[in-house]
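Please treat every number below as a calculation from the coordinates, not as lab data. In this text the structure is predicted, and so the values were computed from the model without any measurement. We place every Cβ from the backbone using ideal geometry, glycine too, and count neighbours over all the protein chains shown.
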């Protein structure tokens with residue numbers, strides 16, 4: 001009797017547990033099928049594909065940089081420059097616009113600018129102590145040896161400056177160590193370039209850079225031969241060697257040394273060539289022409305003045321071994337630099353002190 005009475009209860013108990021087991025198994029199956037169950041296993045998924053490498057344009061063969069290099073629209077065809085006026089330059093470069101935007105960058109150099117200007121001696125048009133000027137510029141050149149002194153790309157036929165169009169445009173300012181890096185590369189590659197000074201406080205050339213690239217950052221290169229416009233000194237140097245140095249890499253140490261000694265000329269020269277002079281006058285209709293090489297102590301002093309006055313000029317690099325050495329001899333009777341030609345007035349001189357005096361007297365507003 002007792003056993004018979006207990007059997008139904010056991011049966012009922014086991015029967016009552018069966019639905020619960022089924023519900024648990026159903027919930028477990030549902031959880032296994034849910035995508036949320038596998039979220040902790042994301043590390044087992046395959047990694048995302050790597051970013052695309054820079055493409056090479058089929059028409060020019062030049063690299064297209066995905067971020068820092070800005071490709072010119074295809075409807076803007078680069079053409080050879082025969083420029084001698086500033087208005088021509090604006091018409092030729094204003095079409096090189098990019099979709100990128102940005103705000104003016106504040107670099108460590110811009111923070112040092114007021115301090116360097118304070119110790120810079122004030123009015124650049126006043127008569128200077130030439131001994132101190134040459135001494136500090138010579139020490140600056142010594143700090144940057146051997147960069148910016150020799151041409152390893154020369155040996156070609158020398159061209160008359162009035163017959164050789166310059167399709168490279170460099171927006172920069174003299175005191176910037178990263179702009180200096182690009183100018184050193186151009187000396188080594190024996191390249192001529194149109195220089196558009198963009199010292200702190202200038203408007204015209206900085207506005208062109210902002211219209212083309214979307215931000216005020218220097219150096220900024222425009223190559224009308226290939227339609228490339230590039231920020232970042234390292235990218236510019238690599239591009240120049242790739243395009244005009246037979247595809248070779250930059251000389252070892254050129255890029256690396258800027259971090260260690262690139263600031264020395266900026267500090268020794270107390271910020272010369274950094275800010276626009278308050279009494280800078282109107283720009284001439286034709287560009288001045290300067291024969292120079294980057295690491296020459298006397299040429300540096302002249303380039304600083306051109307920058308402080310905001311004067312665009314054609315820079316003819318004539319480092320040791322340059323293909324333009326004979327042209328310089330034909331024009332000046334010597335291989336010494338600097339040598340300045342002003343087609344607006346006919347002025348020509350190879351004396352840096354006379355050049356300084358001429359520039360500030362000719363291209364300054366009346367005080």
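Overview of results
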{"item": "DSSP beta bridge pairing in the range 223-348, given as percent antiparallel to the nearest 5", "result": "55"}
{"item": "Segment residue 347-residue 267, length gained on full extension (0.36 nm per residue, minus Cα span)", "result": "25.6 nm"}
{"item": "Rounded, prolate or oblate (a/c below 1.5 giving rounded, otherwise prolate when a/b exceeds b/c) for the range 156-314 by Cα gyration tensor", "result": "rounded"}
{"item": "For the range 260-367, alpha-carbon Rg and Dmax in angstrom", "result": "14.1, 44"}
{"item": "Part-to-part distance (alpha-carbon centres) for the range 314-367 and the range 268-294, which is given in Å", "result": "13"}
{"item": "Proportion of all alpha-carbon pairs of the range 232-318 beyond 14 Å (%)", "result": "74"}
{"item": "Zero-based 10 Å bins, Cα pair distances in the range 168-248, whole percents", "result": "19, 57, 22, 2"}
{"item": "Distance between modelled label sites at residue 126 and residue 145, nm, 7 Å Cα→Cβ extension", "result": "3.4"}
{"item": "Inter-label distance for residue 279 and residue 138, nm, one decimal - labels placed 7 Å from Cα along Cα-to-Cβ", "result": "3.0"}
{"item": "Computed E for residue 200/residue 354 - FRET, C-beta separation, R0 30 angstrom, nearest 0.05", "result": "0.65"}
{"item": "Estimated inter-spin distance, residue 286 and residue 336, nm [label 7 Å along Cα→Cβ]", "result": "2.6"}
{"item": "P(r) tail fraction, the range 276-320 - alpha-carbon pairs more than 18 Å apart, %", "result": "30"}
